[in-house]
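Structure first, commentary second.
The values are calculated or read from the model by the stated rules, or taken from the named source; none is laboratory data. Worth saying up front: this structure is predicted, and the values here are computed from it rather than measured. A quick note on method: Cβ atoms are made from the backbone with ideal geometry, for glycine too, and the neighbour counts reach across all protein chains shown.
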Amino acid sequence: MKALREHLRVLRESLQRLLSTPGASLLSILVTGIALSLPVGGYVLLQSMQSLDARLGTTPQISLYLVSGTSAAAIEKLGEKLRGHDAIAAVEFVSRDAALKKLQESTGLADVTAGLAQNPLPDAYIVHPKTGEPAALEALRDALQGYPNVEHAQLDSAWLRKLEAMLDFGRLAVALLAAMLSLALVAITFNTIRLQILTRRQEIEVAKLIGATDAFIRRPFLYFGMLQGLLGGISAWLLVSGILFVLNASLGDLARLYASNFALQSLTLADSLALLVFSSYLGWLGAWFSVSQHLWQIEPR
């Protein structure tokens, strides 16, 4: 209980010291918040893109074009075989006549196709796989290519690979940005604590003369750095939340034009707690490095 009271006392004194220089403290907190909001904003954007991808149901389809002249019995038999496949969620048959009609309606080439001597399109099955993983999709396509009466199996997964590549690139960019800004924030806290140590040099010397341990002397600086990092994390959360609110208000009008209710995701409770813990840790880490480097240089004279 005594140790807890001591920690609470140090925490209260650190907060008072932070409030004693409101201008400098506010500037440091804002710098921390802005720096943290950049990678956090990138993370939120990536999460929103992944959410949009899931809501659109963008699992690729495999088109099986059948050999010309395949009998109705053979087509039905192939359909039953496809529906019984473990990796296939649904199967849709598109006859050659239906495919031609759809082509005429969607492209406006009715006059051109009307002059054809015969329908050049084949019967086809549209296969909806259960998975969206590129490797599994390609393996399924290769397996279906060998089915009887299947002339060609087509999988248009180029867009999926592009999307995954973009998301991977985004994750890497956000991770690198977070790493660089984290180092910058540690350096800022390092310098702040260094200045505090220099201004309190005589106080530290007196404390050492009366037998204070390094842990006792170090504790206020660590709490100060952690508190500054925590407040910086709160400011980052407020900045990101405010920006998302403004963007979603504008994005709502655009989404309604496309009959959609898409909105950028807000930070979840777990994400918010992770941000506050991480920012507090960065402040503590910068303070620890600074105290470890400068405290041993101060000895009572």
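If we scan the stretch 223-245, do we find a residue that is among the hydroxyl-bearing types (S, T, Y), closer than 18 Å to W288 by Cα and in the same structural domain as G33 (by TED's automatic domain parsing)? Spell out how you get there, then give the answer.
So the first thing to find is which residues in the stretch 223-245 are among the hydroxyl-bearing types (S, T, Y), and the list is 223, 235, 241.
When the remaining residues are screened for being closer than 18 Å to W288 by Cα, the result is 223.
Those left that are additionally in the same structural domain as G33 (by TED's automatic domain parsing): 223.
Yes, there is a match, as at least one residue in the stretch 223-245 is among the hydroxyl-bearing types (S, T, Y), closer than 18 Å to W288 by Cα and in the same structural domain as G33 (by TED's automatic domain parsing).
With the stretch 86-193 as the region, which helices (runs of 4 or more DSSP H) entirely inside it contain at least 3 residues that are modelled with pLDDT of 75 or more and surrounded by 15 or more Cβ atoms within 10 Å (Cβ to Cβ)?
Of the helices (runs of 4 or more DSSP H) lying wholly inside the stretch 86-193, those with at least 3 residues that are modelled with pLDDT of 75 or more and surrounded by 15 or more Cβ atoms within 10 Å (Cβ to Cβ) span 134-145.
Report every pair of residues separated by at least 6 positions or lying on different chains whose Cβ atoms are under 8 Å apart, first residue within the stretch 238-260 and modelled with pLDDT under 90, second among the β-branched types (V, I, T).
L244/V44
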